Amino acid sequence: MAGLQETFAKRQNESAGKINDLYDKQNQVQAQNLKTEFDRNLSDKQAAAGQISPQYQTQANKLAANYEQQRRNANLGALQSGLGSGTAQQQQNALANRFTGNYAALRGEEAGKINEANQDIANLRTAYNNALVAGRADTDAKRDQALIQNFNQNQNWYDAQAANLAQYGDFDAYRRLYGEAQANNMRNTWISSNPDVAYRSGMISKEDYRKLTGKDPQYQSIYS
(Lines give C-alpha, C1' and ligand atoms only; values in the text may rest on other atoms or scores of the structure.)
Protein backbone atom coordinates (compact mmCIF):
# COMPACT_ATOMS: atom_id res chain seq x y z
CA MET A 1 0.00 0.00 0.00
CA ALA A 2 1.57 3.27 -1.12
CA GLY A 3 0.33 5.25 1.87
CA LEU A 4 1.69 2.75 4.36
CA GLN A 5 4.99 2.48 2.52
CA GLU A 6 5.37 6.25 2.50
CA THR A 7 4.52 6.42 6.20
CA PHE A 8 7.04 3.68 6.93
CA ALA A 9 9.77 5.48 4.99
CA LYS A 10 8.98 8.75 6.77
CA ARG A 11 9.05 7.10 10.20
CA GLN A 12 12.30 5.36 9.35
CA ASN A 13 14.02 8.47 8.01
CA GLU A 14 12.88 10.70 10.87
CA SER A 15 13.85 8.28 13.63
CA ALA A 16 17.17 7.42 11.96
CA GLY A 17 17.87 11.13 11.57
CA LYS A 18 17.32 11.71 15.28
CA ILE A 19 19.63 8.83 16.14
CA ASN A 20 22.36 10.17 13.84
CA ASP A 21 21.99 13.65 15.31
CA LEU A 22 22.29 12.24 18.82
CA TYR A 23 25.46 10.29 18.12
CA ASP A 24 26.95 13.11 16.02
CA LYS A 25 26.58 15.38 19.06
CA GLN A 26 28.13 12.72 21.29
CA ASN A 27 31.09 12.51 18.93
CA GLN A 28 31.45 16.29 18.98
CA VAL A 29 31.25 16.54 22.77
CA GLN A 30 33.66 13.67 23.24
CA ALA A 31 36.12 15.13 20.74
CA GLN A 32 35.92 18.56 22.42
CA ASN A 33 36.53 17.05 25.86
CA LEU A 34 39.54 15.15 24.58
CA LYS A 35 40.85 18.29 22.86
CA THR A 36 40.45 20.35 26.03
CA GLU A 37 42.33 17.76 28.08
CA PHE A 38 45.01 17.41 25.39
CA ASP A 39 45.55 21.17 25.17
CA ARG A 40 45.91 21.43 28.95
CA ASN A 41 48.39 18.55 29.15
CA LEU A 42 50.29 19.82 26.12
CA SER A 43 50.60 23.28 27.65
CA ASP A 44 51.96 21.80 30.90
CA LYS A 45 54.49 19.61 29.08
CA GLN A 46 55.63 22.42 26.78
CA ALA A 47 56.05 24.74 29.75
CA ALA A 48 58.10 22.10 31.57
CA ALA A 49 60.18 21.47 28.44
CA GLY A 50 60.80 25.19 28.09
CA GLN A 51 62.38 25.27 31.58
CA ILE A 52 64.97 22.61 30.84
CA SER A 53 67.51 24.69 28.91
CA PRO A 54 67.36 27.70 31.28
CA GLN A 55 67.88 25.40 34.29
CA TYR A 56 70.86 23.69 32.72
CA GLN A 57 72.27 27.02 31.55
CA THR A 58 72.21 28.19 35.16
CA GLN A 59 74.12 25.07 36.18
CA ALA A 60 76.55 25.58 33.29
CA ASN A 61 77.16 29.18 34.41
CA LYS A 62 77.86 28.03 37.96
CA LEU A 63 80.19 25.33 36.65
CA ALA A 64 82.09 27.88 34.55
CA ALA A 65 82.28 30.32 37.46
CA ASN A 66 83.61 27.61 39.78
CA TYR A 67 86.18 26.61 37.18
CA GLU A 68 87.34 30.19 36.78
CA GLN A 69 87.61 30.59 40.55
CA GLN A 70 89.58 27.35 40.87
CA ARG A 71 91.89 28.39 38.01
CA ARG A 72 92.67 31.71 39.67
CA ASN A 73 93.22 30.07 43.01
CA ALA A 74 95.54 27.54 41.44
CA ASN A 75 97.55 30.32 39.77
CA LEU A 76 97.79 32.24 43.03
CA GLY A 77 98.81 29.12 44.94
CA ALA A 78 101.47 28.29 42.40
CA LEU A 79 102.94 31.78 42.69
CA GLN A 80 102.91 31.68 46.47
CA SER A 81 104.46 28.21 46.58
CA GLY A 82 107.05 28.99 43.96
CA LEU A 83 106.02 26.11 41.75
CA GLY A 84 107.67 25.85 38.37
CA SER A 85 105.78 26.77 35.24
CA GLY A 86 105.54 23.11 34.21
CA THR A 87 103.87 22.03 37.45
CA ALA A 88 101.56 25.05 37.41
CA GLN A 89 100.56 24.27 33.84
CA GLN A 90 99.78 20.67 34.80
CA GLN A 91 97.43 21.96 37.48
CA GLN A 92 95.75 24.24 34.97
CA ASN A 93 95.40 21.41 32.47
CA ALA A 94 93.86 19.13 35.10
CA LEU A 95 91.35 21.80 36.07
CA ALA A 96 90.50 22.47 32.42
CA ASN A 97 90.04 18.76 31.65
CA ARG A 98 87.79 18.30 34.68
CA PHE A 99 85.75 21.35 33.71
CA THR A 100 85.43 20.16 30.10
CA GLY A 101 84.30 16.72 31.23
CA ASN A 102 81.77 18.10 33.69
CA TYR A 103 80.48 20.60 31.16
CA ALA A 104 80.07 17.92 28.48
CA ALA A 105 78.26 15.65 30.96
CA LEU A 106 75.95 18.49 31.96
CA ARG A 107 75.08 19.33 28.36
CA GLY A 108 74.59 15.64 27.58
CA GLU A 109 72.17 15.38 30.49
CA GLU A 110 70.38 18.46 29.20
CA ALA A 111 70.05 16.95 25.71
CA GLY A 112 68.67 13.77 27.24
CA LYS A 113 66.08 15.70 29.23
CA ILE A 114 65.05 17.66 26.12
CA ASN A 115 64.70 14.47 24.08
CA GLU A 116 62.68 12.90 26.88
CA ALA A 117 60.39 15.93 27.04
CA ASN A 118 59.92 15.93 23.26
CA GLN A 119 59.11 12.22 23.35
CA ASP A 120 56.56 12.82 26.10
CA ILE A 121 54.89 15.44 23.91
CA ALA A 122 54.92 13.10 20.91
CA ASN A 123 53.43 10.32 23.06
CA LEU A 124 50.76 12.72 24.27
CA ARG A 125 49.80 13.56 20.68
CA THR A 126 49.69 9.86 19.77
CA ALA A 127 47.53 9.04 22.79
CA TYR A 128 45.20 11.93 21.93
CA ASN A 129 44.79 10.83 18.31
CA ASN A 130 44.28 7.21 19.37
CA ALA A 131 41.64 8.31 21.90
CA LEU A 132 39.84 10.26 19.18
CA VAL A 133 39.77 7.24 16.86
CA ALA A 134 38.75 4.83 19.61
CA GLY A 135 36.06 7.15 20.93
CA ARG A 136 34.60 7.71 17.47
CA ALA A 137 34.66 3.97 16.75
CA ASP A 138 32.87 3.20 20.02
CA THR A 139 30.23 5.86 19.40
CA ASP A 140 29.69 4.74 15.81
CA ALA A 141 29.34 1.11 16.93
CA LYS A 142 26.61 2.20 19.35
CA ARG A 143 25.07 4.26 16.56
CA ASP A 144 24.93 1.22 14.29
CA GLN A 145 23.26 -0.84 17.01
CA ALA A 146 20.72 1.91 17.61
CA LEU A 147 19.99 2.22 13.87
CA ILE A 148 19.50 -1.54 13.53
CA GLN A 149 17.20 -1.58 16.53
CA ASN A 150 15.31 1.40 15.15
CA PHE A 151 14.87 -0.27 11.76
CA ASN A 152 13.61 -3.46 13.38
CA GLN A 153 11.12 -1.49 15.47
CA ASN A 154 9.83 0.30 12.40
CA GLN A 155 9.68 -2.97 10.49
CA ASN A 156 7.64 -4.50 13.32
CA TRP A 157 5.33 -1.51 13.14
CA TYR A 158 4.99 -2.01 9.38
CA ASP A 159 4.29 -5.74 9.83
CA ALA A 160 1.58 -4.97 12.38
CA GLN A 161 0.00 -2.42 10.06
CA ALA A 162 0.15 -4.86 7.13
CA ALA A 163 -1.50 -7.56 9.24
CA ASN A 164 -4.21 -5.12 10.33
CA LEU A 165 -4.93 -4.14 6.72
CA ALA A 166 -4.98 -7.77 5.67
CA GLN A 167 -7.86 -8.37 8.06
CA TYR A 168 -9.90 -6.15 5.77
CA GLY A 169 -8.66 -7.73 2.56
CA ASP A 170 -5.94 -5.22 1.76
CA PHE A 171 -2.77 -7.19 0.93
CA ASP A 172 -0.84 -4.45 -0.87
CA ALA A 173 1.50 -4.03 2.09
CA TYR A 174 2.32 -7.72 2.05
CA ARG A 175 3.51 -7.41 -1.55
CA ARG A 176 6.54 -5.52 -0.24
CA LEU A 177 7.20 -8.18 2.37
CA TYR A 178 6.55 -11.39 0.47
CA GLY A 179 6.25 -10.53 -3.21
CA GLU A 180 3.38 -10.46 -5.70
CA ALA A 181 2.64 -14.19 -5.92
CA GLN A 182 2.56 -14.78 -2.18
CA ALA A 183 0.45 -11.68 -1.56
CA ASN A 184 -2.06 -12.80 -4.20
CA ASN A 185 -2.29 -16.24 -2.61
CA MET A 186 -2.94 -14.66 0.77
CA ARG A 187 -5.56 -12.37 -0.79
CA ASN A 188 -7.32 -15.27 -2.48
CA THR A 189 -7.36 -17.24 0.77
CA TRP A 190 -8.89 -14.30 2.56
CA ILE A 191 -11.52 -13.86 -0.16
CA SER A 192 -12.44 -17.53 0.12
CA SER A 193 -12.98 -17.07 3.85
CA ASN A 194 -14.79 -13.75 3.50
CA PRO A 195 -16.79 -13.84 0.23
CA ASP A 196 -19.54 -11.49 1.47
CA VAL A 197 -17.14 -8.77 2.48
CA ALA A 198 -15.12 -9.30 -0.67
CA TYR A 199 -18.23 -8.97 -2.86
CA ARG A 200 -19.58 -5.90 -1.04
CA SER A 201 -16.20 -4.17 -1.33
CA GLY A 202 -15.97 -4.94 -5.05
CA MET A 203 -13.04 -7.33 -4.79
CA ILE A 204 -14.95 -10.10 -6.60
CA SER A 205 -17.77 -10.26 -9.14
CA LYS A 206 -21.17 -12.00 -8.85
CA GLU A 207 -19.77 -14.88 -10.84
CA ASP A 208 -16.80 -15.17 -8.50
CA TYR A 209 -19.19 -15.10 -5.54
CA ARG A 210 -21.32 -17.91 -7.05
CA LYS A 211 -18.19 -20.01 -7.63
CA LEU A 212 -17.13 -19.55 -4.04
CA THR A 213 -20.49 -19.98 -2.32
CA GLY A 214 -22.74 -21.76 -4.83
CA LYS A 215 -25.38 -19.09 -4.52
CA ASP A 216 -26.18 -15.55 -5.58
CA PRO A 217 -25.04 -12.72 -3.34
CA GLN A 218 -27.61 -11.21 -0.98
CA TYR A 219 -25.81 -7.90 -0.90
CA GLN A 220 -25.20 -5.13 -3.39
CA SER A 221 -21.58 -4.59 -4.37
CA ILE A 222 -20.36 -1.00 -4.10
CA TYR A 223 -19.15 -1.39 -7.67
CA SER A 224 -22.39 -2.88 -9.07
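The values are calculated or read from the model by the stated rules, or taken from the named source; none is laboratory data. Since we're looking at a predicted model, the values are computed, not measured. Using ideal geometry, Cβ is built from the backbone for each residue, glycine included, and neighbour counts are taken over all protein chains shown. The accessibility values were calculated without ligands, DNA or RNA, using every heavy atom of the protein model including side chains. Shrake-Rupley method; radii C 1.70, N 1.55, O 1.52, S 1.80 Å.
Beyond 18 Å between alpha-carbons counts as too far, so tell me which of Lys25/Lys142; Lys45/Lys113; Lys35/Lys142 fall in that bin.
Details: Lys25/Lys142 13 Å; Lys45/Lys113 12 Å; Lys35/Lys142 22 Å.
With Cα atoms farther than 18 Å apart: Lys35/Lys142.
According to the Cα gyration tensor, what semi-axes, each the square root of 5 times an eigenvalue, does the equivalent ellipsoid of the chain have, listed from largest to smallest in whole Å? Numbers along the way, then the final one.
On the way: eigenvalues 1968, 34, 10 Å².
For the chain, the ellipsoid semi-axes come out as 99, 13, 7 Å.
Taking the Cα centre as origin and putting +1 on Lys and Arg beta-carbons and -1 on Asp and Glu beta-carbons, what dipole magnitude results for the chain, to the nearest 20 debye?
On the way: 25 positive and 23 negative charges, 106 e Å.
The calculation lands at about 500 debye.
For the range 116-224, what does the accessible surface come to per residue with a 1.4 Å probe? Please give it in Å².
Numbers: 6820 Å² over 109 residues.
On a per-residue basis, 63 Å².
Given a 1.4 Å probe and the protein chains all in place, what does the accessible area of Asp140 round to, in Å² to the nearest 10?
Asp140 has an accessible surface of roughly 50 Å² with all protein chains in place.
Please build a GNM for the chain, connecting alpha carbons under 10 Å apart, and tell me which residue among Gly112, Gly50, Gly214 fluctuates the most.
Residue with maximal mean-square fluctuation among Gly112, Gly50, Gly214: Gly214.
What percent does the relative contact order of the chain come to when contacts are Cα pairs within less than 8 Å and at least six residues apart?
Values: 130 pairs, mean separation 58.0, N = 224.
Contact order relative to length: 26 percent.
Roughly how many Å² of Thr139 are accessible to a 1.4 Å probe, to the nearest 10?
Roughly 10 Å² of Thr139 is accessible to a 1.4 Å probe.
Give the carbon-plus-sulfur fraction of the accessible surface of the range 39-170 in %, rounded to a whole number; probe 1.4 Å, heavy atoms of protein chains only.
On the way: 4230 of 8430 Å².
Ligands and nucleic acids excluded, carbon and sulfur reach 50 percent.
Where in the chain is the longest stretch that carries no chymotrypsin sites (Phe, Trp or Tyr not before Pro) classed as loop by DSSP and with at most 15 other Cβ atoms within 10 Å?
Working: sites that count: Tyr168, Tyr219, Tyr223.
Longest site-free region, per DSSP loop and neighbour criteria: 1-167.
At a probe size of 1.4 Å, how large is the accessible area of Val133, to the nearest 10 Å²?
Rounded to the nearest 10, the figure is 90 Å².
Can you find, among Leu63, Ala104, Thr126, the residue farthest towards the positive end of the dipole of the range 42-152? Put +1 on the C-beta of Lys and Arg, -1 on that of Asp and Glu.
Leu63
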